[in-house]
1. For residue 185, are the conditions met, namely being farther than 25 Å from residue 28 by Cβ and under 14 Å from the mean Cα position of the chain (by Cα)?
2. Does the stretch 199-213 contain any residue that is buried (at least 18 other Cβ atoms within 10 Å of the Cβ), in a strand (DSSP E or B) and more than 16 Å from the chain's Cα centre (by Cα)?
3. Name the residue that is farthest from the chain's Cα centre (by Cα), counting only residues in the stretch 148-167 that are farther than 15 Å from residue 108 by Cα and assigned to a loop (DSSP other than H, G, I, E, B).
4. Only one residue in 42, 81 is in a loop (DSSP other than H, G, I, E, B) and either surrounded by fewer than 19 Cβ atoms within 10 Å (Cβ to Cβ) or touching a strand residue (DSSP E or B) at 6+ places or on another chain (Cβ under 8 Å) (or both). Which one?
5. Could you run through the stretch 90-144 and say how many residues are in a loop (DSSP other than H, G, I, E, B) and surrounded by 21 or more Cβ atoms within 10 Å (Cβ to Cβ)?
């Protein structure tokens with residue numbers, strides 16, 4: 001199996017960290033992890049190295065387009081063109097039509113939409129020039145279908161990300177670069193734990209309590225989208241592109 005270079009944003013914890021670990025476990029040689037928290041990121045990179053991968057950690061704030069471009073260039077300088085790009089970075093700040101501030105709106109779109117957009121834009125030329133094809137996976141959300149009132153701008157960012165996914169997939173299909181998005185359902189991550197306990201006042205065992213109410217008996221965990229990313233990047237998914245996949249146990253558009 002050819003050893004590929006995998007680039008993962010939001011990799012200091014949660015879904016991004018799980019995605020990086022999954023690719024390392026699958027034997028990918030070069031893994032680039034990108035996030036704002038340098039200390040957490042360094043820890044993840046060290047653990048990927050222990051798993052046998054060559055890991056590069058890049059501290060970057062993806063709300064800044066220059067930082068997006070720098071991160072990709074650093075990765076390419078170290079390993080050459082990127083083969084698999086997973087955009088896992090994202091913010092979930094609250095806000096509805098009445099109380100969302102311009103600052104919250106702009107920050108959400110800067111990270112969730114603009115950051116992913118310009119990381120892809122920067123990575124594509126070398127990916128195309130390498131002639132090996134490639135895979136891009138964007139972590140989106142079931143809330144792209146609408147979402148609760150208090151997550152309006154967040155939901156809008158994910159809807160925008162899905163449109164970008166479709167458009168880019170169509171643009172680079174003849175270069176054999178496959179582009180997908182995962183509409184992720186409710187997932188137990190460190191960030192979600194902090195939100196539920198500190199913002200919503202739920203107990204420490206909230207994930208177990210809420211998970212028991214779900215059709216499959218638990219919330220999603222970070223390893224679930226990590227496994228799906230690995231599948232989408234594999235030969236088994238080689239005849240798929242432009243897919244927006246609902247990774248969720250509730251069926252969108254239906255009534256119970």
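Throughout, read-outs are computed from the coordinates displayed, never taken from laboratory work. Keep in mind the model is a prediction, meaning the values are calculated, not measured. No Cβ is skipped: glycine too gets one built from the backbone with ideal geometry, and neighbour counts run over all protein chains shown.
1. Criteria met by residue 185.
2. no
3. 149
4. Checking each option against the conditions leaves just 81.
5. Looking only at that region, the number is 1.
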